[in-house]
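See structure below.
The values are calculated or read from the model by the stated rules, or taken from the named source; none is laboratory data. These numbers come from a predicted model, not from an experiment. Heads up, the Cβs are rebuilt from the backbone with ideal geometry, glycines too, and the neighbour counts pull from every protein chain shown.
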Amino acid sequence: MRYFFHIGYNGFNYRGWQKLPQTRGANVQEVIETNLSKILKTDLTIVGCGRTDAQVHASQFFFHVDIEKKWDFDLKFRLNKNLPDDIAVFDIIPVENSMHARFNATERTYNYFIHAYKDPYLTNLSAYYPEANPDVEMMKRAASLLLRYDDYSMFARSIPASGSSICKIKRSEFHVNGNGSRFRFEVTSNRFLHGMIRILVYKLLLIGRRELTLDEFETHLISKQKSSKNKLAYPHGLYLTKVVYPSLSIPPRSECVGGVEV
């Protein structure tokens with residue numbers, strides 16, 4: 001029987017979701033896989049809905065696993081008891097055997113959180129960039145430009161083995177709180193390329209600092225030429241916040257993402 005596990009995790013202490021050979025440090029997949037296998041007394045392999053990078057968070061994440069024998073105890077309770085405090089299991093959902101956590105996902109939403117002042121309560125939960133009077137309106141306009149284009153090869157660290165760099169972005173918004181000290185970039189697409197969101201966030205920061213014009217930003221989108229300024233924003237400001245399937249759409253369990261709502 002195949003099951004979908006609805007989880008969330010603070011990724012700061014991990015080398016990302018995926019278990020990779022010869023990678024030093026803990027990863028979320030291996031921590032869950034080891035504990036689940038121990039509880040059910042059988043070797044299990046879990047398949048995640050994506051591959052978040054080191055120190056990236058997920059307030060909503062799904063993985064699937066095939067379990068032959070039905071358990072006769074509260075698996076969610078026992079697994080949560082054994083997992084570290086920065087990983088939580090919210091739901092365990094039986095699904096059709098053909099349903100795949102990664103390939104059947106039709107939509108993913110990420111949020112990137114920024115705070116412009118040093119705040120110990122936001123450390124590792126939001127990215128600290130001491131922005132002085134950024135041009136927020138231009139940052140908003142730049143975010144909205146993403147809806148017009150679908151090839152993001154110029155804003156990727158690498159192109160997947162399939163060779164496709166097409167991403168169908170359906171929502172892209174830049175938000176600021178009332179006193180201009182907290183920012184949030186929200187983007188929804190059918191897929192994302194490696195490093196794409198963190199590169200885009202850094203571009204938005206450059207636009208806010210008036211170091212990159214809106215025309216220059218759009219020129220990269222049109223020409224598909226990579227820029228020498230393709231730096232990555234800090235990983236710990238990024239959250240996977242929503243994953244949608246044709247037959248499954250669950251509200252994220254965590255109400256407070258990135259330390260505080262923006």
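In table form, for the structure just shown:
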read-out: Pair list, Cβ under 6 Å, 6 or more apart: the range 111-125 residue more than 14 Å from Gly180 (Cα to Cα) and touching a residue at least 40 places away in the same chain (Cβ under 8 Å), other residue of a type outside the set (Ser, Thr, Tyr) and surrounded by fewer than 20 Cβ atoms within 10 Å (Cβ to Cβ); value: Asn111/Glu186; Leu122/Gly259; Asn124/Phe12; Leu125/Gly259
read-out: Considering residues of the range 177-206 that are of a type in the set (Phe, Trp, Tyr) and within 20 Å of Tyr117 (Cβ to Cβ) only, the residue surrounded by the fewest Cβ atoms within 10 Å (Cβ to Cβ); value: Tyr202
read-out: Selected residue (criterion: surrounded by the most Cβ atoms within 10 Å (Cβ to Cβ)) from residues of the range 207-227 that are of a type in the set (Lys, Arg) and out of contact with any strand residue (DSSP E or B) (no Cβ under 7 Å at 6 or more places or on another chain); value: Arg209
read-out: Among residues of the range 36-52, those that are surrounded by fewer than 19 Cβ atoms within 10 Å (Cβ to Cβ), touching a residue at least 40 places away in the same chain (Cβ under 8 Å) and more than 20 Å from Tyr245 (Cβ to Cβ), counted; value: 2
read-out: Test: residue in the range 66-80 that is under 29 Å from Met196 (Cβ atoms) and in a loop (DSSP other than H, G, I, E, B); value: no
read-out: Candidate set from the range 134-172 (those that are more than 20 Å from the chain's Cα centre (by Cα) and charged (D, E, K, R)); member that is nearest to Ala116 (Cα to Cα); value: Asp135
read-out: Test: Glu68 is exposed (fewer than 15 other Cβ atoms within 10 Å of the Cβ) and either of a type in the set (Lys, Arg) or on the phi < 0 side of the Ramachandran plot (or both); value: yes
read-out: Subset tally (residues that are under 17 Å from Tyr234 (Cα atoms) and free of Cβ contacts under 8 Å to residues at least 40 places away in the same chain) for the range 196-212; value: 2
read-out: Scan of the range 127-176 for residues that are surrounded by 14 or more Cβ atoms within 10 Å (Cβ to Cβ) and part of a loop (DSSP other than H, G, I, E, B), ordered by number; value: Tyr129, Glu131, Pro134, Asp135, Tyr149, Asp150, Tyr152, Ala156, Ser165, Cys167
read-out: Test for Ser227: is it at pLDDT 95 or above and either part of a loop (DSSP other than H, G, I, E, B) or under 27 Å from Pro246 (Cα atoms) (or both); value: no
read-out: Failed item, numbered, when Arg184 is tested on (1) part of a strand (DSSP E or B); (2) at pLDDT below 95; value: (2)
read-out: Top-ranked residue of the range 8-65 - restricted to ones that are hydroxyl-bearing (Ser, Thr, Tyr) and either assigned by TED's automatic domain parsing to the domain that holds Ser126 or assigned to a loop (DSSP other than H, G, I, E, B) (or both), ranked as farthest from Ile93 (Cα to Cα); value: Thr23
